[in-house]
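The values are calculated or read from the model by the stated rules, or taken from the named source; none is laboratory data. These numbers were taken from a predicted model, which means no experiment stands behind them. Cβ coordinates were reconstructed from backbone atoms using ideal geometry, including for glycine residues, and neighbour counts include every protein chain displayed. Accessible surface is based on the protein model in full, side chains and every heavy atom, while ligands, DNA and RNA are left aside. Shrake-Rupley method; radii C 1.70, N 1.55, O 1.52, S 1.80 Å.
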Amino acid sequence: MKIKNAINNILLMLITLVMFFIIVEVIFRMLPVSESSYIQPVNEDNPYMHFKENRDFVFSRGFDFEIVARKHSNNYGYLDNDDFDKKTEAISVIGDSYVEAMQVDNSKTFHGLLDRDIHGENKKFYAIASSGAPLSQYLAYLEFASNEFNHKASIVNVVSNDFDESLTKYKSSPGFHFFSNVNKACSNLDLIRNDFNGHTGIVNIAKSSAFIRYIVLTSGVKWSSIKRILNGEKVNYRFNKIQNETVVNDSKCAVDEFFRNLPKLSNLTPDRLLFILDAPRPEIYSAKNNSKSYFNIMREYFSRKATKLGYEVLDLKELFSEDFKNNSKKFEFAIDAHWNEYGHSVVAKGIRKTDFYKNILK
């Protein structure tokens, strides 16, 4: 009798849990829970990271859905409202999560805003980007744009983690291209592709649950973040005083290798390419300059190198500083470091004033 009662209690508990999960699942399916973008396998037949093609999906962030954006992936699997074709004059916009811009509707990104300027002309800004992509991946995307489209010009957005994470020594995420064999002489680096076979069945099953997506994607509860907190890691070294000269030297090597490969893989002359260099925004808000931070060291090195080679650089530190002085409006979300709609609009205004932009509109 005791065994029978125990079994009944267990069955009752399981049924209660299942019913609770079903009710919760139904509730969350009615809310703007973040949906997966479905990254596609990367291999010899499909060498460039992209999302599942021709989809409309929702991105949200914050336990109370503070950020909600409606996104669309086009015929090539990139987050652009318009399809890409091979006849239109393509101005590729290359980058990572700042160009991917999950947090903002496609039409309100800086490249979406610029597209309005040339609406009706035989020109189009092609947003080709994926979260986590570094400089090495930008080269791969430029090669893709050059080979696949009527590629006439490009804008490349550069952020703080683009330098060291271009090297397999510091990052080797599946689906991206990286530089390997970094050495003191900064020679014989290879641009290699790290294939991605797709997510496992368990991950795909989890993606089908709105409640699980709310916990993982919308609320952003990740084991990696919890682990960093438990280990006492509070801030990223990129915005602190530099402590590891090896990282800096290796990062400079990655920049040098990027510029060595750039003309050949992009098939563009310097006047047809614009670099956007993100700002150390915490310094802008606090009016404190940390010239010894990793990002400031690399910003200066990248900008000097690009300018010496004849490329135009739009430094967002100057642009954001002036705008914040006049308007006191921040350029990112309170719960997300990526640019908000206002930040994207300021970037678009800055691009419109560049010589690059005036040239491509001729």
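Of the residues making up the range 335-354, those that are surrounded by fewer than 16 Cβ atoms within 10 Å (Cβ to Cβ), more than 18 Å from the chain's Cα centre (by Cα) and closer than 21 Å to residue 104 by Cα are 349, 352. Going through (1) assigned to a strand (DSSP E or B); (2) farther than 20 Å from residue 49 by Cβ; (3) among the charged types (D, E, K, R) one by one, residue 71 falls short only on (2). I'd like the full set of residues that are hydrophobic (A, V, I, L, M, F, W, C), over 17 Å from residue 98 (Cβ atoms) and in a loop (DSSP other than H, G, I, E, B), limited to the range 259-305. Scanning the range 259-305 gives 268, 287. Quick check: anything in the range 312-325 part of a loop (DSSP other than H, G, I, E, B) and either of a type in the set (Lys, Arg) or over 21 Å from the mean Cα position of the chain (by Cα) (or both)? No, the conditions are met nowhere in the range 312-325.
Working only within the range 165-216, note down all residues that are of a type in the set (Ser, Thr, Tyr), assigned to a helix (DSSP H, G or I) and more than 19 Å from residue 134 (Cα to Cα). Quick ask: steps written out before the conclusion?
So the first thing to find is which residues in the range 165-216 are of a type in the set (Ser, Thr, Tyr), and the list is 166, 168, 170, 172-173, 180, 187, 200, 208-209, 214.
Now narrow it down to the ones that are assigned to a helix (DSSP H, G or I): 166, 214.
Passing the criteria: only 214.
Residue 60 falls short on exactly one of the conditions (1) touching a Pro at 6+ places or on another chain (Cβ under 6 Å); (2) surrounded by fewer than 21 Cβ atoms within 10 Å (Cβ to Cβ); (3) of a type outside the set (A, V, I, L, M); (4) not in a loop (DSSP other than H, G, I, E, B), and that condition is (2).
The set of residues in the range 316-349 being among the hydroxyl-bearing types (Ser, Thr, Tyr) and in contact (Cβ under 8 Å) with a residue 60 or more places away in the chain consists of 345 alone.
Scanning the range 104-122 for residues that are open to solvent by 30 Å² or more (accessible area, probe 1.4 Å), assigned to a helix (DSSP H, G or I) and either among the charged types (D, E, K, R) or touching a strand residue (DSSP E or B) at 6+ places or on another chain (Cβ under 7 Å) (or both) yields 108, 116, 117. Within the range 156-170, the only residue that satisfies the criterion of being charged (D, E, K, R), closer than 19 Å to residue 338 by Cβ and open to solvent by 20 Å² or more (accessible area, probe 1.4 Å) is 165.
All of (1) in contact with a strand residue (DSSP E or B) (Cβ under 7 Å, 6 or more places away or on another chain); (2) crowded, with 18+ Cβ neighbours inside 10 Å hold for residue 357 with one exception: (1).
Yes/no matrix, rows are residues, columns are (1) part of a strand (DSSP E or B); (2) of a type outside the set (Phe, Trp, Tyr); (3) open to solvent by 50 Å² or more (accessible area, probe 1.4 Å); (4) within 26 Å of residue 220 (Cβ to Cβ):
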| position | (1), (2), (3), (4) |
| --- | --- |
| 77 | no, yes, no, yes |
| 91 | yes, yes, no, no |
| 124 | yes, yes, no, no |
| 144 | no, no, no, no |
| 154 | yes, yes, no, no |
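Applying the condition of being buried (at least 17 other Cβ atoms within 10 Å of the Cβ) and not in a loop (DSSP other than H, G, I, E, B) to the range 36-57 and asking which residue is modelled with the lowest pLDDT yields 39.
How many residues does the range 163-199 contain that are of a type outside the set (A, V, I, L, M, F, W, C) and over 19 Å from residue 144 (Cα atoms)? Even if it seems obvious, please write down each step before you answer.
So the first thing to find is which residues in the range 163-199 are of a type outside the set (A, V, I, L, M, F, W, C), and the list is 164-166, 168-175, 177, 180-181, 183-184, 187-188, 190, 193-195, 197-199.
Filter once more, keeping what is over 19 Å from residue 144 (Cα atoms): 164-165, 168-173, 180-181, 183-184, 187-188, 197-199.
Number of matching residues: 17.
Look at residue 278 and say whether it is in contact (Cβ under 8 Å) with a residue 60 or more places away in the chain and over 23 Å from residue 338 (Cα atoms). For residue 278, the condition - in contact (Cβ under 8 Å) with a residue 60 or more places away in the chain and over 23 Å from residue 338 (Cα atoms) - is not met. Of the residues making up the range 63-75, those that are over 20 Å from residue 114 (Cβ atoms) and surrounded by fewer than 17 Cβ atoms within 10 Å (Cβ to Cβ) are 63, 64, 65, 66, 75.
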